[in-house]
Every structure is written in C-alpha cells, then in structure tokens.
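The values are calculated or read from the model by the stated rules, or taken from the named source; none is laboratory data. Worth saying up front: this structure is predicted, and the values here are computed from it rather than measured. Note: ideal-geometry Cβ built from the backbone for every residue, glycine included; neighbour counts use all protein chains shown. Just the protein is used for accessible areas: all its heavy atoms, side chains included, with ligands, DNA and RNA removed. Shrake-Rupley method; radii C 1.70, N 1.55, O 1.52, S 1.80 Å.
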Amino acid sequence: MRVLEIVFLALTVAALIGLLKDNAGKSRVFSVILGCTFLALMLHLIIEGWRWQVVPGYGAGAAILIISAKRMFRKHDADDQRRKWFRTALKFLLSGTAMILVLISGILSWAFPVFKLPDPTGPYRVGQSQWFLLDKSREETQTVEPGDCRELSVLSWYPAEATGMTKMAEYFPKGIAKAILADSHASSLLGLARLRETGVGFFFDYMRLVHTHAYPNAAVSPKHPPYPVLVFSHGYGALPAQNTVLMEELASHGYAVFSIGHTYESLVEIFPDGRKIRYSPRFSVDSVISKLGNEIEKSKVDDLAALIAIFKRYNTTKAFESIPIWLADTRFVIDWLEEKNAKDPESPFYGRLDLTKLGVLGMSYGGSTACQIAFEDQRVKAVINMDGGTPLGDSIDYSFDIPVMFMKSEPPLTVLAGTHRKMIEYMMGRTHNAFYSIFVSGARHLNFTDISIFSPVLKYTSEKIGNIDGDKMLNIMNCYIVAFFDKHLKGIDSPLLNGPSADFPEVIFKARIPHTSD
C-alpha cells in the first residue's frame, strides 16, 4: 500500500471510533481527526491517484463526513431523546459497515498493490524508447490482405544521459493493462479467467500508477560507448515489456537492450496510428507441446537415445511453424541496429552500439527462438534461454559454439519436465564452450517475468506462478544474467558463475566451463 492510502484509511478508522461517542459532534479532537482525514484523502487523490481497490474506503470516508456534518448541526430535543436507542443502533450499524469497507480496501490494496519495480543497481541511468519497424522484404502471413508487410515494435533500454529529466516512463502504457484481462490466453495463465468472463475490464487499470526507472526518449549516455547489444524475445502471447526489471538492470550496467514485439503473437501491439493488433495466432503452441508430452508419456521411454528421437519427430521447426517468423524478426532487428549504428547519423544509436558484442536472450517461446538464432547467425556471441524449451529437435545435435545459459523453473512433476532436464544435460555434455544450467527451486514459468511482483495472491490462482518470493526471484535473474553477459561479452569475471552460491540457496547450479586446453 502507498503511504497516503495508509494514512487515509488509518484516519478513517480513527474517525469511525470517534463517531461512536455521543459527543463526537462537539469534540475538538474529533474535529481535528475529521479534518486530517479529509486532507489525507485530497492529498492521496492528487499525489498518488485513485484506484478501484480503495473505493470502499472512499465510501466509508464520505459516509463519515456526511454523518459528522449532520451531527454537528443537529439540535437535541425531546423527540431526539425518545429515539436515542434507534439512533444508537443505527450509529453502530453504519460504523460497523464503514469499518468493514475500510477493511475490504485494506485487503484489496494489499492483494493488488501499486507495486514498485526494484531499483537498477548499475552505475548508469536508464533511457527507454520505442520503435516501429516495417520489413518491406517480407509479406505478413497473418493477414489476408495481399501486399501487407511485416510490422514490428521494438522497445529499447540503454545507458542514458538524463540530466534535468524527472519524468519516468509508464510501466504499462494506456491500453496494455486492460488487454491483459481482455485476452483469454493471458487471463487464464494468471488464473483470472472468471474475472474476464464477468466483464471486469477495469481490473488492471491501476497499473497506470506504476512507473519505471527509465527516462523516456533520453539521450544515449556518451560516457563509455559503444555499448554491447542484447536482443530479447518475449514469451508466446506475452509482451516486449514483460521483463522490464531485467531490461532496466542490464541497461544500468552498460548494455543496450532491444525487446521485439512479435506481432500477432504478442499480447497486443499498439501502433502510432492507433491500430491495436491483438494476440491472434494461427496455430496453437499448447497443442504441439501436448502432442510431445503425450508421445513421451505413451512411449514411457527412459533411454536417452529414444527420447532424442521423439524430440526430433515432434519438437521441430516445422511443428512450431512461427519459429521461422520469429527468427526472421530477430535477424531483421539486428540488421536494423547495424544500419542505425553505422550509417544513420540522425539515429540516437549512431556509433554508440558494439555489435561485435551481441547477445540474445528470450523467455519461454522467446528462449527457444534465442537458442535457434544462436545456431543460425554467427553475429551472436552469447545466448540465454529463460525457461523456454530446449533447442528444437532439428538442431538438438548441434553443439553450441558460443557460451549458453539455460534457466529453468521447477514445474509440476510431469514426464515432459523431466525430459527437458535430460536434454539440457545431453547438450551440456556435447558442448565445447561455457554452458550453464540454472534451476530455481520454488519458481514456476511466469516467475521468469515481472509478474513475480504483481500480486501476492497470484501464486494461489495460477499454477504458472510458484511460491518463491517475487523480489528474490527478480534478483536471481538480474544477478545471474548480468554476470553471464559481463563475463562472456565484456570479459569481466564473476564468482557467481564458478559454482553454487550461498547467497542463492534456491539455485541449483551446474556448469561446464572448459579450460583453454579443451
């Protein structure tokens, strides 16, 4: 809860208690409490902004002010004395109801808080900008209109020169928050499908009050360019901003990060002309994963060679038919960055990017994309897969020629979950470069996004969110991912990558770190 919310609700409770006294209307102390309650409410509305969670408290405060005003000006006559018992009963009834309303506001404010993103720990301030790209070389396959070209949005975070700037970027721009609940895929992942069915479209409206630590459209910092570049892909049906905490952390440590919105397979993309392209995939990722799991379950194979054969048949680029589209999106963005860095003096990134130090990372479906692009594009020098599938079956025998990190959650005990671990160990044994395996106990799939800190109740509504503390989970991701890219793009060693850490007992760490003789 926010400070002025707490003050307002606490003063409302104090005023309710004061109302129970017979002489409240004539009490100077009560009048002071009443005035402070009104002042706290006004300051809260002006400075912090209203939100639906506190509406019951607003109602209780309004009722107190009305009742108190009536009592202050009421004349005591004989008729009042005869009806004293009725007024007393009504007073306790109204005060009790108002107290319940205040309690409801307190619970709702705790359950769905205006959360604060963790502060970035690096030495740089962070800038944020958004770009809208048109790939004229590719026809859009998701539309029926002939001649439609592929459109993408790209969110960027980077070391910034923000002298004199005070305004921070919004966490979820207008329209994004409502899209979370409006989309059946997103609401079901969060366990909020019933809310969607009841038409509670305002549920995530309070996200407008959450701000980031990034300065919108700030200049790129001139301190230590050029900066290493990272390209990120979101999860299937998710958002480019889904890992804002991680993006800000990386930018604060001197990385320029670019997150791709894979149009039609992101939750929603809002273009400058007002068009909203919502999540509308042409095939089901879940059905392909289900087929793979069913085949493994039916075969009941424990032999590694047999498991690999199943993955090669079912877990392929052909099966996940939009993977080639996401790969082309990623290559196009890298090409665009090369052009802006080398050939466009009007670009804020001109001469500021070091694309010889290029890393890719992604979460879930984006993690599979990151691994695949690492095999196909030699410009990529390091890769992280955040709780995505293993490399697809048609590349599972490839050996990573660059450093790689797999970060995995602790999913429900399923056959498919166990096979992913076996595949990762298989690939670790084949690689001749640095290979890290990070399993996080208590984490589930969506803990690899900012959703970890959205609400303390989501872990009870969604099987995709584990019981690990949200701030702890974000810190684990930040520390290990920064350490990985620092070591393998900047050459800065980190003891965190040399073995298990006492600071992170939740992390099951395995690594193959080849020596120079390997």
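Name the single residue that is nearest to the chain's Cα centre (by Cα) among those in segment 150-164 being over 15 Å from residue 261 (Cα atoms) and modelled with pLDDT of 90 or more. Please lay out each step first, then the result.
Step one: of segment 150-164, the residues over 15 Å from residue 261 (Cα atoms) are 158-164.
Now narrow it down to the ones that are modelled with pLDDT of 90 or more: 158-161.
Numbers: 158: 18, 159: 21, 160: 22, 161: 25 Å.
Looking at residues that are over 15 Å from residue 261 (Cα atoms) and modelled with pLDDT of 90 or more, I get 158.
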| request: Kindly indicate whether residue 311 is open to solvent by less than 30 Å² (accessible area, probe 1.4 Å), part of a helix (DSSP H, G or I) and among the aromatic types (Phe, Trp, Tyr). | output: yes
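For segment 259-287, give me each residue that is assigned to a loop (DSSP other than H, G, I, E, B) and among the aliphatic types (A, V, I, L, M).
If the condition is that a residue be assigned to a loop (DSSP other than H, G, I, E, B) and among the aliphatic types (A, V, I, L, M), then 267 is the only one that fits.
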| message | Can you find a residue that is at pLDDT below 95, crowded, with 17+ Cβ neighbours inside 10 Å, closer than 24 Å to residue 242 by Cα and hydrophobic (A, V, I, L, M, F, W, C) anywhere in segment 505-514? | response | no
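So how many residues does segment 106-137 have that are open to solvent by less than 50 Å² (accessible area, probe 1.4 Å) and assigned to a strand (DSSP E or B)? It would help to see each step written out before you state the result.
Filtering segment 106-137 for residues open to solvent by less than 50 Å² (accessible area, probe 1.4 Å) gives 106, 108-109, 111-115, 117-118, 120, 122, 124, 126-129, 133, 135.
Restricting the remaining residues to those that are assigned to a strand (DSSP E or B) gives 126-129, 133, 135.
Matching residues across segment 106-137 total 6.
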| Selected residue [part of a loop (DSSP other than H, G, I, E, B) and either aliphatic (A, V, I, L, M) or surrounded by 19 or more Cβ atoms within 10 Å (Cβ to Cβ) (or both)] from 390, 316 | 390
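Here is a yes/no grid of residues against (1) at pLDDT below 90; (2) touching a Pro at 6+ places or on another chain (Cβ under 9 Å); (3) of a type in the set (D, E, K, R); (4) surrounded by fewer than 17 Cβ atoms within 10 Å (Cβ to Cβ):
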{"position": "420", "(1), (2), (3), (4)": "yes, yes, no, no"}
{"position": "426", "(1), (2), (3), (4)": "yes, no, no, no"}
{"position": "430", "(1), (2), (3), (4)": "yes, no, yes, yes"}
{"position": "439", "(1), (2), (3), (4)": "no, no, no, no"}
{"position": "476", "(1), (2), (3), (4)": "no, no, no, no"}
{"position": "503", "(1), (2), (3), (4)": "no, no, yes, yes"}
| message | Need the failing condition index for residue 381 against (1) at pLDDT 95 or above; (2) within 23 Å of the chain's Cα centre (by Cα), just the number. | response | (2)
| query | Are any residues in segment 214-239 at pLDDT below 95 and closer than 28 Å to residue 284 by Cα, and if so, which ones? | reply | 235, 236, 237, 238, 239
| Residues of segment 116-164 satisfying the condition of being among the β-branched types (Val, Ile, Thr) and under 23 Å from residue 281 (Cα atoms) | 141, 143, 144, 154
| note | When (1) at pLDDT 80 or above; (2) in a helix (DSSP H, G or I); (3) open to solvent by 40 Å² or more (accessible area, probe 1.4 Å) are applied to residue 67, the one that fails is (1)
| task | Evaluate the following for residue 251: is it among the small types (Gly, Ala, Ser), surrounded by 14 or more Cβ atoms within 10 Å (Cβ to Cβ), assigned to a helix (DSSP H, G or I) and in contact (Cβ under 8 Å) with a residue 40 or more places away in the chain? | result | yes
| message | Need pairs with beta-carbon distance below 9 Å; first residue under 30 Å from residue 461 (Cβ atoms) and within segment 106-127, second open to solvent by 30 Å² or more (accessible area, probe 1.4 Å) and assigned to a strand (DSSP E or B); sequence gap 6+ or separate chains. | response | 116/211; 117/211
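Can you confirm whether segment 294-301 contains a residue that is over 30 Å from the mean Cα position of the chain (by Cα), open to solvent by less than 50 Å² (accessible area, probe 1.4 Å) and of a type in the set (Asp, Glu)?
Narrowing segment 294-301 to residues over 30 Å from the mean Cα position of the chain (by Cα): 294-301.
Now drop any that are not open to solvent by less than 50 Å² (accessible area, probe 1.4 Å), which leaves 295-296, 299, 301.
Then drop every residue that is not of a type in the set (Asp, Glu), which leaves 295.
Yes: segment 294-301 contains one or more residues that are over 30 Å from the mean Cα position of the chain (by Cα), open to solvent by less than 50 Å² (accessible area, probe 1.4 Å) and of a type in the set (Asp, Glu).
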